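Trainee: Got a structure here, written out as structure tokens. Questions coming.
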There are 2 protein chains.
Amino acid sequence: MERDASADLISSDRVSGTKVYATDGEELGSIDHLMIGKRSGRVEYSVMSFGGFLGINEKYHPIPWDALDYDTEKNGYVVNIDKSRLKDAPSIAKDERSGFNEDFGRNVYAYYGVMY
Amino acid sequence: MERDASADLISSDRVSGTKVYATDGEELGSIDHLMIGKRSGRVEYSVMSFGGFLGINEKYHPIPWDALDYDTEKNGYVVNIDKSRLKDAPSIAKDERSGFNEDFGRNVYAYYGVMY
């Protein structure tokens, strides 16, 4: 029997823009883009943007891929964290490309309880 | 000494739109999107679109991530194939989401000489 691998794939342009919810159902933001390891070809971070308006929120919240579960009812990702804790989640300024160093990575993965 | 991991990362929205060249320097097309394994979190395919105009070209060419080398002079990817061979490269209709099955995957990876 042929396995339908297409069911296991998602397009990067469908991931971007997908909403992210806390486990209590509250909307946190949406995925802005993915950070991919050049050599590994792995999604190292799903980068969430708050819903912030008026350009007030200038921070991204990078989340490990494995910390996001797709919820077909919500049509969005659920991350095992609530909004009140999110203010302490590792974040990075939107214009700061160089912040993704190893220490930051370890922080992010530890925060969401995922192996680095 | 701290390793600067940021140098090893690329944003998905920077990959999309990046041009793809053959080894002889000829422009083949550009990356349209990435197909990511939901469970693996890996880029299973970099999906190239021809430069086709007038909507004539309705096919995508999925390429394994490891078959693309970034060329800083060209500001684009180089794939080890020339344009004349590309007509035989595995392709998929743009509206055919379900075509990414295991047989197709093995074909694509074999074509570019990358382990599936």
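We did not get these values from a lab; they are worked out from the coordinates using the rules stated. Since the model is a prediction, treat every value here as computed from it, not as a measurement. Neighbour counts are summed over all protein chains in view; Cβ atoms, including those assigned to glycine, are modelled from backbone coordinates with ideal geometry.
Trainee: Does at least one position in segment B:79-87 carry a residue that is of a type in the set (S, T, N, Q) and closer than 24 Å to residue A:42 by Cα? Working first, answer last.
Mentor: Pass one, segment B:79-87, residues of a type in the set (S, T, N, Q): B:80, B:84.
With the extra rule that they be closer than 24 Å to residue A:42 by Cα, the set shrinks to B:80.
Checked against the condition, which is being of a type in the set (S, T, N, Q) and closer than 24 Å to residue A:42 by Cα, segment B:79-87 yields at least one hit.
Trainee: Can you pull out every residue in segment B:83-116 that is of a type in the set (Ser, Thr, Tyr), out of contact with any helix residue (DSSP H, G or I) (no Cβ under 9 Å at 6 or more places or on another chain) and assigned to a loop (DSSP other than H, G, I, E, B)?
Mentor: B:91, the sole residue that qualifies.
Trainee: Any residue in segment B:79-96 that is crowded, with 18+ Cβ neighbours inside 10 Å, under 11 Å from the mean Cα position of the chain (by Cα) and under 20 Å from residue B:24 (Cβ atoms)?
Mentor: So far as segment B:79-96 goes, yes, one or more of its residues are crowded, with 18+ Cβ neighbours inside 10 Å, under 11 Å from the mean Cα position of the chain (by Cα) and under 20 Å from residue B:24 (Cβ atoms).
Trainee: Starting from residues that are small (Gly, Ala, Ser) and closer than 20 Å to residue A:37 by Cβ, keep the ones in segment B:9-44 and report whichever is surrounded by the fewest Cβ atoms within 10 Å (Cβ to Cβ). Break it down into steps so the answer makes sense when it comes.
Mentor: At the first step, the residues of segment B:9-44 found to be small (Gly, Ala, Ser) are B:11-12, B:16-17, B:22, B:25, B:29-30, B:37, B:40-41.
Adding the requirement that they be closer than 20 Å to residue A:37 by Cβ leaves B:11-12, B:16-17, B:37, B:40-41.
Working: B:11: 15, B:12: 24, B:16: 19, B:17: 11, B:37: 17, B:40: 15, B:41: 19.
Among those that are small (Gly, Ala, Ser) and closer than 20 Å to residue A:37 by Cβ, it is B:17.
Trainee: Now a separate question. Among residues belonging to segment A:97-115 that are aliphatic (A, V, I, L, M) and surrounded by fewer than 18 Cβ atoms within 10 Å (Cβ to Cβ), point out the one that is farthest from the other protein chains (Cβ to nearest Cβ). Step through it out loud before you land on a result.
Mentor: Of the residues in segment A:97-115, the ones aliphatic (A, V, I, L, M) are A:108, A:110, A:114-115.
Add one more test, that the residue is surrounded by fewer than 18 Cβ atoms within 10 Å (Cβ to Cβ), and what stays is A:110, A:114-115.
On the way: A:110: 15, A:114: 10, A:115: 12 Å.
The extreme case among them is A:110.
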